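Every read-out reported here was derived from the displayed coordinates using simple, explicitly stated rules and does not represent laboratory data. In this text the structure is predicted, and so the values were computed from the model without any measurement.
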Amino acid sequence: MSLEDRGYLLTEQINPNSQQLDRLSTLEMVEVFNQEDQKTVDAIAAAKPSLAQAIDLTAAALQKGGRLFYVGAGTSGRLGVLDAAECPPTFCTPPELVQGIIAGGAPALIRSSEGLEDHAEDGAAAITSHQVAAIDVVVGITAGGTTPYVRGALQEAKLRHATTVFIACVPAEQVDIAADVDIRLPVGPEVLAGSTRLKAGTVTKMALNILSTGVMVKLGKVYGNRMIDVAVTNSKLRDRALRIISALTDLSREQASVLLAQSDQQVKLALMMHWSDLPKATAQQTLDQQGGNLRQALASLKS
């Protein structure tokens, strides 16, 4: 069986700045990594318009009851699963709202299953098994842009009329695709040739951070820059919840603790109750009427 030569891909090329990597001192090696990592910030800056478009489309879909799916293989898949897993504790979202799909399933999170990325039909089957619909958003993540599993998933998602987003670290002229949003993050050849868990992995994590956080801001899960939908599930998060309430209301920590208890450990509801002087049930009803957006809920009381 003949194999496609992927040497033309930016992610597979040789980095001239690290060709003597094995001969450098430890400090020199670290310096090379640091210099190359600067390129991730520049790549994100160049992708700002497409990232903003992805945020707006995803937020609109989720507001209508849709879901966000990340699809990838290897490092790209693991990064998608990680971002999805971080949403419930940070924004108190149900686990099904943001989901990560990785080639090979859960075992691939801790043990390499890169061989499974070659099957486009498996990517399509994953989309089918998750019953992806037109209201959903599917983000395909592939550093080199060619991963069959991801491309198969996106193709099936398009057939189902879902919104599709493509994230890759190669320019469009090297690898083209039909997607609603095309996010390109060309960080250049890796310090270790072809090891896309390095710069490509870093810039992908940065992009996913921006995407998911931006969407949650649009969904009203943030007030100012505070995570007012934080899930109070351990002592650290309870401390954070108390500090958020105290900082936004000027209540003492003890008063904030009482208010948090009265709101069943829900920071957003606690703030709504405090600022509106409404009882818990009415405050929650007002929030629900405004889609959980605290600012809109408070404004509705003045109109």
Give me the distance between the Cα centres of the range 204-270 and the range 280-298, rounded to whole Å.
-> 16
Degrees separating the helix 235-249 axis from the principal Cα axis of the chain, which is the longest one = 60
Taking Cα atoms, how many degrees apart are the long axis of helix 48-63 and the longest axis of the chain, rounded to 10 and kept between 0 and 90?
-> 50
Run down the aspartates and glutamates and flag those whose C-alpha is under 17 Å from the C-alpha of K48, throwing out any fewer than 8 positions away in its chain.
-> D56, D180, D182
In a GNM of the chain with a 10 Å cut-off on Cα contacts, which of F33, F69, F91 has the highest mean-square fluctuation?
-> F33
Of the beta bridges DSSP finds with both residues in the range 83-238, what % are antiparallel, to the nearest 5?
-> 10
Placed amide H near D136: partners under 5 Å, 5+ positions off or other chain = R67, T163
Could you tell me the distance between the Cα centroids of the range 1-71 and the range 139-169, to the nearest Å?
-> 16
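Of all alpha-carbon pairs in the range 161-303, indicate the percentage at a distance above 27 angstrom.
Details: 4358 of 10153 pairs.
Cα-Cα pairs of the range 161-303 separated by over 27 Å account for 43 percent.
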Applying the Karplus parametrisation 6.51 cos²θ - 1.76 cosθ + 1.60 with θ = phi - 60° to the phi angles of the range 131-145, what ³J(HN,Hα) value in whole Hz is obtained for each residue in order, glycine and proline being reported as x?
-> 6, 4, 10, 4, 7, 8, 10, 10, 9, x, 10, 8, 3, x, x
Other-chain or far-sequence residues with amide H under 5 Å of Y223's (modelled H) | I228
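Quick one: work out the % antiparallel among DSSP beta bridges in the chain, nearest 5.
Values: 1 of 20 bridges.
Given both bridge residues lie in the chain, the antiparallel proportion sits at roughly 5 percent.
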Volume per residue, Å³, of the convex hull around the alpha-carbon atoms of the range 10-218?
-> 120
Between 0 and 90°, nearest 10: helix 148-159 axis offset from the chain longest Cα axis = 50
Where a Cα-Cα gap under 19 Å defines reach, which lysines qualify for K64, not counting those fewer than 8 residues away within the same chain?
-> K158, K218, K221
Y70's amide H: which non-local residues (gap 5+, or another chain) put their own amide H closer than 5 Å, with H modeled 1.01 Å from N in plane and none for Pro or chain starts?
-> Q99, G100, I101, V139
